[in-house]
Amino acid sequence: MNAVFSVIFLAACLLFLLTKPDGFLPAMLAGAEKAAVLALSLLSVYCVWLGFFKVLERSGLSQKLSRRVRPLAKRLFRSDDEAALELACNNLSANMLGLPGAPTPLGIRATEAFLKRNNGYAADMLFVLNATSLQLLPTTVIALRLSAGSASPADIFMPTLLATLFTTLVGTFLVWLFARFRSPNLGHGTKRRRLTVKKHGGSRNL
Amino acid sequence: MNFVALLIPALFLALFCYALKKRVKLYDCFTEGAKQAVPLILSIFPYLAAMLILSELFSAGGLSAILTRFLTPFFELLGIPPEIAPLVLIKPFSGSGSTALLSEIFAAYGPDSYIGRCAAVAYGSGETVFYISAVYFAGSKKQLLLPIAAALVANFLGVVVGCLLCRIL
């Protein structure tokens, strides 16, 4: 991340210096202001969903629901940490249901829990699953198309679903591939590979 | 869309009834969860700020425009209409920025045109990769290049496939 940040920052900075030096500080402040506004709105969103998920956890329902997909999640994330897996499962289901704002606080807590046990693989996998998330109902796009006067605003449903299915498969495959290159003794040839795909197929039915 | 509108209140109702049956103290429990929001926001804020400053510099400074011009032939080769190239580039950085671009594309080319449909799929299948990575890995010293690269490559290939699907479906 340091490399990405440095490269983009320096390139943008140089460009400002050459074209419009007086726009640089306002642009930075505008970004920071957006962050402050976003943080406030996220605070309210997280309040609601973390309250909701605490009730879900305390009632025992969350454990009950995630127990069914536990074996799949264990393999997908290569983790035995029950609490972290529960958070990760809830994160993925919230994602698929398209509950706005709900997956993030769970994802953050699951990532923290995975990293505490030094399970970088699980953290990467969870991140990529979120960053290539399956879109069952692209509500924002449908609403925007509707307001732009589309004849059938929902007809992009199928291509979007297939495209996100594809991104999820590619993303998880790449994480698995990187992990293999970093520590080749972790995987077991093609057997592992087939497992990854199958695991993933299962976890989608959450 | 109606379904989604029903889903959320129904979820809350079902869960809270179930929790009451299990003798959960709803008020205490809900507030206990909500309390976690404050430290969570405090811990992600600096990363959020850095990311949004970066995204602002990226688009306001003209860097995204230059990259768009540079990458357009490459995009065309892969079947991505050049009109949606800015959208594809800004999506990983900024959700609100890409929403604005999507509206502009709909206004300019119509939501039912090939370009409009491609833009819709590109928007819907992509995620704000940098934002998610900033928030999820807030405070960790982990090497992030590989997972971010994996997500970006997957999202980009998703746009290519999405544009192809728009031509067939």
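What does the charge dipole of segment B:64-158 about its Cα centre add up to, to the nearest 20 debye, if the Cβ of each Lys and Arg holds +1 and the Cβ of each Asp and Glu holds -1? Using only the charged Cβ atoms, the result is roughly 380 debye. For segment A:24-203, averaging the sequence separation of C-alpha pairs within contact (under 8 Å, six or more residues apart) and dividing by the residue count gives a relative contact order of 21 percent. Springs between Cα atoms under 10 Å define the GNM used for chain A, and in it the highest mean-square fluctuation of A:84, A:39, A:151 occurs at A:151. 3J(HN,Hα) along segment A:119-132, derived from phi through the Karplus expression 6.51 cos²θ - 1.76 cosθ + 1.60 where θ = phi - 60°, amounts to 9, x, 4, 4, 4, 4, 4, 5, 4, 5, 4, 6, 7, 10 Hz, with x in place of Gly and Pro.
Within the listed set A:180, A:145, A:75, the Gaussian network model of chain A (springs between alpha-carbon atoms below 10 Å) gives the highest mean-square fluctuation for A:145. Counting only alpha carbon atoms, the long axis of helix A:189-203 and the longest principal axis of chain A meet at about 80°. Springs join every pair of Cα atoms under 10 Å in this Gaussian network model of chain A, and among A:76, A:25, A:42 the largest mean-square fluctuation is at A:25. Seen from residue A:110, the other residues with C-beta closer than 10 Å to its C-beta sum to a net charge of -2, counting Lys and Arg as +1 and Asp and Glu as -1. In this Cβ point-charge picture (+1 for Lys and Arg, -1 for Asp and Glu), the protein assembly as shown has a dipole of about 1860 debye about its Cα centre. What share of Cα pairs, in percent, lie more than 26 angstrom apart in the protein assembly as shown? Everything past 26 Å amounts to 53 percent. Given axes a ≥ b ≥ c from the Cα gyration tensor, I'd like to know whether segment B:59-112 is rounded (a/c under 1.5), prolate (a/b larger than b/c) or oblate. Cα axes put segment B:59-112 in the oblate bin. Within the straight-line cut-off of under 19 Å between alpha carbons, the aspartates and glutamates reachable from residue A:20 are B:56, sequence neighbours fewer than 8 places apart in one chain being disregarded.
Compute the whole-percent fraction of alpha carbon pairs in segment A:24-203 spaced more than 26 Å apart. Here the long-distance tail beyond 26 Å is 41 percent of all Cα pairs in segment A:24-203. Estimated from helices alone, the mean residue ellipticity of the protein assembly as shown at 222 nm is -26500 deg cm²/dmol (sum of -39500 (n - 2.57) over DSSP H runs with n ≥ 4, per residue).
For residue B:76, the shell of other residues with beta-carbons less than 13 Å away shows a net charge of 0, using +1 for Lys and Arg and -1 for Asp and Glu.
Here the 3J(HN,Hα) profile of segment B:87-94, calculated from phi with Karplus coefficients 6.51, -1.76 and 1.60 at θ = phi - 60°, is 4, 4, 6, 8, 3, x, 8, 9 Hz, Gly and Pro shown as x. First check a/c for segment B:1-64, with a ≥ b ≥ c the square roots of the eigenvalues of its C-alpha gyration tensor; if it is under 1.5, answer rounded, and if not, answer prolate when a/b is larger than b/c or oblate otherwise. Verdict is oblate for segment B:1-64. With coordinates expressed along the principal axes, the C-alpha atoms belonging to segment B:37-168 extend over 46, 29, 27 Å, beginning with the largest.
Span-like helix criteria (full DSSP H runs; alpha carbon extent of at least 27 Å along the helix axis; mean Kyte-Doolittle hydropathy of at least 0.0) are satisfied in chain B by B:2-21, B:37-60, B:145-168.
Since every read-out is calculated from the coordinates, none of them should be taken as a lab result. None of the values given here were measured: they were computed from a predicted structure. Cβ sites come from the backbone with ideal geometry, for glycine too, and all protein chains shown count toward neighbours.
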